[in-house]
C-alpha cells in the first residue's frame, strides 16, 4: 500500500457554497434566476444522477424536465438549481442514471471536474433523498406540498411543516498504547457484508438523549466489547447516503480484549502502523481518501494511504 505524505484533513468537507437561504421565499428573484440562461440545473431521476463523460452534467433551465425545483445556491455569478424528476420523465436508459457512489472513483483519483462539484452534489442528493422518502405528513398522514424552494414540506391537512432530516452518526479511531510509539495500535473492524481483508474505523448512529461522546463509547462497546475513556472531536463530513452527518472522533481504549457482536461487525482487530503500511503479514485494505474514515486513519498513521478501497 503506497503512502502519500500530503495529508488532507477531511476530504469531502471543503468548498461550502452560498445557499442564499434568504432567497428561498423570494418568488420574483427565483423566477428571475430561472429565466437566466446562465443558470445551471442538475437533473435527478428520483435520487440518481446521469454523468456525462465521467462528470456531472449541469444544463440550462430550458433543458430541464418537469419536476420539483430546488434552489441550491449562488456562486461566482451563477445560480444553481436541482430538478427532482420522476424516473420515467427523464431521457436516457435506466442504467445511465447512477447513484452518487458511482462518482466516488473520480473523487479518489483527483478529478477536479467532479471534486469541485461535491458540495453541490451532496446538497442536491441529500434533498432528493429526503423528498423521495417523505411522501406524507408523519403527524396526520396528509399530503405534503413543497415550499421554500424545496427546503420545506407543508402538510395540506394539519399545516405542520417538515424539514430536511440529517441523522448524526459518530465514526471513531480508537487507539491504545503510548501515543506516537511503535507499540500504539488502532482498532478497526470488518462489517459482516464485507469481504475478508477489508477493514475500517467503527461507526454508528447517535441515539435520542445521548451525547456524541457517549455514542462513541456505546457503539465501540456494543460492536467490539472494548471500553473507551477519553473521546476527542476530530472533524465532520456530510454524507447524504441517505441522510447522515458523519462526526469524527479519536478515542482512547481502556481495555484490549475484543468480543465482536457478530451482527454488524464480523471481525475486529488491533493494527500497528507497520500493518497499515503493508510492512507485515497483517496487511489489509482500508478506505481511501474521500471518506472521513480515511482521514481518521491517515491522521493516526501520519500519511494518507493509497490503494485501499
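Go through region 192-219 residue by residue and tally those that are crowded, with 21+ Cβ neighbours inside 10 Å and closer than 30 Å to residue 125 by Cα.
So the answer is 8.
For region 156-166, indicate whether the set of residues that are in a loop (DSSP other than H, G, I, E, B), surrounded by 15 or more Cβ atoms within 10 Å (Cβ to Cβ) and in contact (Cβ under 8 Å) with a residue 24 or more places away in the chain is non-empty.
Yes.
Identify the residue in region 48-63 that is at pLDDT below 95 and part of a loop (DSSP other than H, G, I, E, B) and, among all such residues, is nearest to residue 151 (Cα to Cα).
58
For region 167-181, state whether one or more residues are in contact (Cβ under 8 Å) with a residue 24 or more places away in the chain, in contact with a helix residue (DSSP H, G or I) (Cβ under 9 Å, 6 or more places away or on another chain) and in a loop (DSSP other than H, G, I, E, B).
For region 167-181, residues in contact (Cβ under 8 Å) with a residue 24 or more places away in the chain, in contact with a helix residue (DSSP H, G or I) (Cβ under 9 Å, 6 or more places away or on another chain) and in a loop (DSSP other than H, G, I, E, B): absent.
What's the number of the condition residue 185 fails, among (1) within 30 Å of residue 74 (Cα to Cα); (2) surrounded by 15 or more Cβ atoms within 10 Å (Cβ to Cβ); (3) at pLDDT 95 or above?
(1)
Give 125, 116, 133, 98 a once-over and let me know the one that is buried (at least 18 other Cβ atoms within 10 Å of the Cβ) and either more than 23 Å from residue 35 (Cα to Cα) or at pLDDT below 90 (or both).
One residue alone meets the criteria, 125.
Taking the condition of being without any contact (Cβ under 8 Å) to a residue 12 or more places away in the chain, part of a helix (DSSP H, G or I) and farther than 18 Å from residue 175 by Cβ, how many residues in region 202-256 meet it?
1
When the residues of region 291-309 are narrowed to those that are in a loop (DSSP other than H, G, I, E, B) and modelled with pLDDT under 75, which ends up surrounded by the most Cβ atoms within 10 Å (Cβ to Cβ)?
For region 291-309, the residue satisfying everything is 308.
Taking residue 206 and the conditions (1) within 22 Å of residue 284 (Cβ to Cβ); (2) touching a strand residue (DSSP E or B) at 6+ places or on another chain (Cβ under 8 Å), which numbered condition does it fall short on, given that it satisfies the others?
(1)
Give just the number: which of (1) modelled with pLDDT under 95; (2) not in a loop (DSSP other than H, G, I, E, B) does residue 194 not satisfy?
In the conditions (1) modelled with pLDDT under 95; (2) not in a loop (DSSP other than H, G, I, E, B), residue 194 misses (2) alone.
The values are calculated or read from the model by the stated rules, or taken from the named source; none is laboratory data. Only a predicted model underlies this, so the values are computations on that prediction, with no experimental measurement involved. Positions of Cβ are backbone-derived with ideal geometry, glycine not excepted, and every protein chain shown enters the neighbour counts.
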